[in-house]
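Undergrad: Submitted below is the structure of interest, expressed as structure tokens.
The values are calculated or read from the model by the stated rules, or taken from the named source; none is laboratory data. If you're wondering where the values come from, they're calculated on a predicted model, not measured in any experiment. Glycine also receives a Cβ, built like all others from the backbone with ideal geometry; neighbour counts cover every protein chain displayed.
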Amino acid sequence: MAIWLAHMKTTVDIADQLFEGARRLAAREGTTLRALIEEGLRAVLLSRRAAPKGFVLRDASFAGDGVAPGVRLDDWTQVRTLIYEDRGG
């Protein structure tokens, strides 16, 4: 089974210093500038595809029955008093 890859010509503006560095690297490695650019694009595409999707917070809950009896979470004064008791608050 033959696989045909299509190629598209395009023009890209590259900073002179970056272009010269890439040209020298391609010559030193015995490859073409085109091959070097394609390799770089593939590396970027693969690294971004493999990047983590986002932070997942681990479950740090503990066993228990929730809030102590008589504590009302909608009463900030009571919650603050319980948090800071024995701490000079």
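Undergrad: Would you say T81 is surrounded by 10 or more Cβ atoms within 10 Å (Cβ to Cβ) and of a type in the set (S, T, N, Q)?
TA: yes
Undergrad: Only one of (1) over 30 Å from E20 (Cβ atoms); (2) of a type in the set (D, E, K, R); (3) exposed (fewer than 10 other Cβ atoms within 10 Å of the Cβ) is not met by R48, so which one is it?
TA: Evaluating R48 over (1) over 30 Å from E20 (Cβ atoms); (2) of a type in the set (D, E, K, R); (3) exposed (fewer than 10 other Cβ atoms within 10 Å of the Cβ) leaves (1) as the failure.
Undergrad: Going by the structure shown, is L73 more than 31 Å from the chain's Cα centre (by Cα) and loosely packed, with under 10 Cβ neighbours inside 10 Å?
TA: When the stated conditions are applied, L73 passes them.
Undergrad: Does L18 satisfy being loosely packed, with under 10 Cβ neighbours inside 10 Å and modelled with pLDDT of 90 or more? Before the answer, list the steps.
TA: Values: loosely packed, with under 10 Cβ neighbours inside 10 Å: yes; modelled with pLDDT of 90 or more: yes.
Spelling it out, L18 is indeed loosely packed, with under 10 Cβ neighbours inside 10 Å and modelled with pLDDT of 90 or more.
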